[in-house]
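Just so it is clear, none of the values below were taken in a lab; they were calculated from the coordinates. This structure is a prediction, so every number in the text was calculated from the model and none was measured. Here the Cβ positions follow ideal geometry from the backbone for every residue, glycine too, while neighbour counts run over all protein chains shown.
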């Protein structure tokens, strides 16, 4: 089998940030890397799950809601993939930053956190999600389009 593109990225030098992972026609996949790969510090499942619920809810209620395709976790627990259609990269940077600011300040019930709405509704950690989001804000502050490219 051919090696997929994401496995061609040198994860040993990858740092937290926002990267353009791939472009397929009008759909762009962004790599929201929150943890240094293979660094021994990973997203906890419950916090990651809560980030997923809050980020997806925020993005799907934004002005770009019709252009949001998918937001979901990486199996390695170092970040998330964010797929969008036809959104300017600068606006994606702003949207991702705003989503993390929203999560960092979020108070209240986590959206979609009932047994009817979620397949693992008991595994959530709002305080952990908020802490992880707060840690991403300085990484993403003043982020530039030129930083979206992997340094490999």
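Scanning segment 130-142 for residues that are crowded, with 18+ Cβ neighbours inside 10 Å and under 19 Å from residue 31 (Cβ atoms) turns up 132, 133, 136, 140. Is it the case that residue 110 is crowded, with 16+ Cβ neighbours inside 10 Å, over 25 Å from residue 19 (Cβ atoms) and over 16 Å from the mean Cα position of the chain (by Cα)? For residue 110, the condition - crowded, with 16+ Cβ neighbours inside 10 Å, over 25 Å from residue 19 (Cβ atoms) and over 16 Å from the mean Cα position of the chain (by Cα) - is met.
Kindly indicate which of 104, 135 is farther than 20 Å from residue 62 by Cβ and assigned to a helix (DSSP H, G or I). Testing whether each residue is farther than 20 Å from residue 62 by Cβ and assigned to a helix (DSSP H, G or I) leaves just 135.
Scanning segment 46-80 for residues that are within 12 Å of the chain's Cα centre (by Cα) and in a strand (DSSP E or B) yields 70, 71, 72, 73, 79, 80. Applying a threshold of 6 Å to beta carbon distances and a minimum spacing of six or more residues, or different chains, the list of pairs starting in segment 46-72 at a residue that is free of Cβ contacts under 8 Å to residues at least 12 places away in the same chain and ending at one that is surrounded by fewer than 22 Cβ atoms within 10 Å (Cβ to Cβ) and not in a helix (DSSP H, G or I) reads 60/68. In this structure, residue 19 qualifies as touching a strand residue (DSSP E or B) at 6+ places or on another chain (Cβ under 6 Å), part of a strand (DSSP E or B) and touching a residue at least 24 places away in the same chain (Cβ under 8 Å).
Just checking, does segment 133-151 include any residue being within 15 Å of residue 53 (Cβ to Cβ), touching a helix residue (DSSP H, G or I) at 6+ places or on another chain (Cβ under 7 Å) and in contact (Cβ under 8 Å) with a residue 24 or more places away in the chain? Checking segment 133-151: at least one residue is within 15 Å of residue 53 (Cβ to Cβ), touching a helix residue (DSSP H, G or I) at 6+ places or on another chain (Cβ under 7 Å) and in contact (Cβ under 8 Å) with a residue 24 or more places away in the chain.
The residue that is surrounded by the most Cβ atoms within 10 Å (Cβ to Cβ), among those in segment 83-92 that are assigned to a strand (DSSP E or B) and touching a helix residue (DSSP H, G or I) at 6+ places or on another chain (Cβ under 7 Å), is 84.
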